[in-house]
1. Using 7 Å Cα-to-Cβ label points, what is the Ser210/Lys372 separation (nm, one decimal)?
2. How about Lys272: which lysines have a C-alpha closer than 16 Å to its C-alpha, ignoring those fewer than 8 places off in the same chain?
3. Measuring from centroid to centroid over Cα atoms, what is the spacing of region 241-286 and region 308-356 in Å?
4. My understanding is that a pair violates if its Cα-Cα distance is over 27 Å; which of Lys311/Lys340; Lys113/Lys257; Lys75/Lys236; Lys236/Lys257; Lys79/Lys340; Lys238/Lys372 do that in this structure?
5. Can you tell me the order of 370-379, 342-351 when each peptide is scored by its average per-residue count of other Cβ atoms within 10 angstrom, highest first?
6. Would you please state the base-10 log of I(q)/I(0) at q = 0.09 1/Å for region 158-292, with intensities from the Debye formula using one equal scatterer on every alpha carbon?
7. Tell me the net charge near Tyr398. Cut-off is 9 Å between Cβ atoms, Tyr398 excluded, with +1 for each Lys or Arg and -1 for each Asp or Glu.
8. What is the local net charge at Cys389, summed over the other residues whose Cβ is closer than 10 Å to its Cβ (Lys, Arg +1; Asp, Glu -1)?
Amino acid sequence: MPNNSMIPPSEASQLHDAGASPMFLDNTSAATTSFTNLVEPDDSSAGLGMKQIETDQGANEDSQTRKGSEKMTPKVGMKFNSEQEAYDFYNAYASEIGFSIRRSSYHYMGNTKIIKNRTFCCSREGTRGVDKRTEALGYGNSFNRPETRCKCQACMKISLIDGFYQVYHFVPEHSHILTTKSQAHQLRSQRKVNEAQVASVEVAKSVGISTKAAVDLLAKQSCGYENLGFTRVDMKNKLYSKRSLQTKQEEEEEFIKAWHQLLDKYELQQNKWLQQIFDKRHQWALVYGRNTFSADMSTTQRNESFNNELKGYISVKYDMLTFFEHFDRLLGDKRYEEVKCDFRATQSTPRPKAELRILRDVVEVYTPAVYKIFEEEVMLTLNCDIFYCGDVDEQKVYKIKSHEDIEKWLKIRCNPDLETSSSPQGVKEN
């Protein structure tokens with residue numbers, strides 16, 4: 001439960017000393033509008049060459065971008081009409097800089113539900129706690145997810161003063177790599193699917209167009225996924241949630257209707273026991289528990305070969321021009337997957353399956369994909385038996401067997417004074 005502690009004196013003094021700081025009131029557009037505006041040339045530039053005009057426009061755009069970035073930067077003393085307005089402003093600033101935010105600690109005003117103080121922090125602030133599922137179920141590291149927290153201290157703190165939420169503390173520095181413009185749409189706080197986009201995809205699906213193709217069309221209309229504002233997974237989750245809600249409402253209406261028909265048929269409307277059972281229907285009726293577990297999963301094995309990937313984009317009925325148009329769409333998707341991988345590599349760190357120094361050292365160096373391969377090899381070495389076979393030509397010979405495949409073994413010859421050699425892996429024992 002939140003407490004009612006006040007602002008620290010040091011931060012409060014910073015707040016009251018910032019009387020000359022800018023103030024934002026009734027300016028929700030500042031949190032969502034880009035400040036990079038094109039400066040069109042006037043008539044006096046008509047006689048200039050196109051190269052000179054483009055140079056002047058580029059300089060003006062850079063100037064406008066710098067001014068916009070300065071205006072978007074939080075400053076101690078800024079005021080907002082609501083907590084949500086402050087969140088939108090800080091989130092718009094995060095989008096320009098290249099990080100994601102989340103709501104952190106807060107304090108209520110007295111015994112009310114009015115927020116007195118609120119901290120907005122970088123999503124990589126703090127450290128992740130121990131997964132309780134691992135301890136309760138004993139699944140080891142099966143629930144391990146990449147580590148995204150790195151104790152980043154970047155934040156913006158606001159407090160309710162004289163009817164406005166005012167910034168009294170701001171830390172701009174981050175302790176991690178910031179995302180690029182092409183990766184910013186992957187940030188969680190920057191992703192949002194609006195109802196118009198959902199309606200467009202639903203219309204496309206109603207005439208037989210797949211969700212992926214419909215999202216690809218929206219991305220093309222937006223000049224790329226980085227301008228779309230959400231990912232394919234976001235759209236799929238949105239459609240699934242909406243469909244589940246509609247199904248639940250329909251099934252709930254049918255259940256209640258059938259229940260009343262049962263009471264009418266046997267004249268049990270006044271039965272107190274049945275009324276008590278009905279009041280607890282959320283605990284036993286199947287219609288209220290259908291979404292507790294879902295096996296609505298699809299395999300990825302079919303997409304592992306390039307041939308199967310091509311089938312999702314091209315057809316033997318396409319002419320040459322149409323073929324290359326869809327092949328270019330395939331290449332665009334491949335590049336987009338690379339952007340996603342780069343985003344995961346810079347914004348998260350894999351959790352080692354075992355507390356080994358060699359894994360801790362390489363996890364900061366390798367990409368997640370390469371680290372996974374290396375980690376599997378290291379884990380295999382922990383599941384091997386080593387046998388000393390004797391000396392051959394002044395070399396010591398060892399045989400290594402893996403418990404994963406006892407039919408295969410590896411022979412190692414080593415000379416303490418020279419070098420070590422090994423036979424090809426997978427040689428069967430005679």
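Rule-based calculations on the coordinates, nothing more; no lab input. None of these values were measured; they are calculated from a predicted model. Cβ: placed from backbone, ideal geometry, glycine included. Neighbour counts: every protein chain shown.
1. 2.1 nm
2. Lys280
3. Value for the Cα centre distance between the two parts: 47 Å.
4. Checking Cα-Cα distances, Lys113/Lys257; Lys75/Lys236; Lys236/Lys257; Lys79/Lys340; Lys238/Lys372 exceed 27 Å.
5. Going by the mean number of other Cβ atoms within 10 Å, highest first, we get 342-351, 370-379.
6. Log10 of I(q)/I(0), two decimals: -0.57.
7. +4
8. Net of charged neighbours comes to +3.
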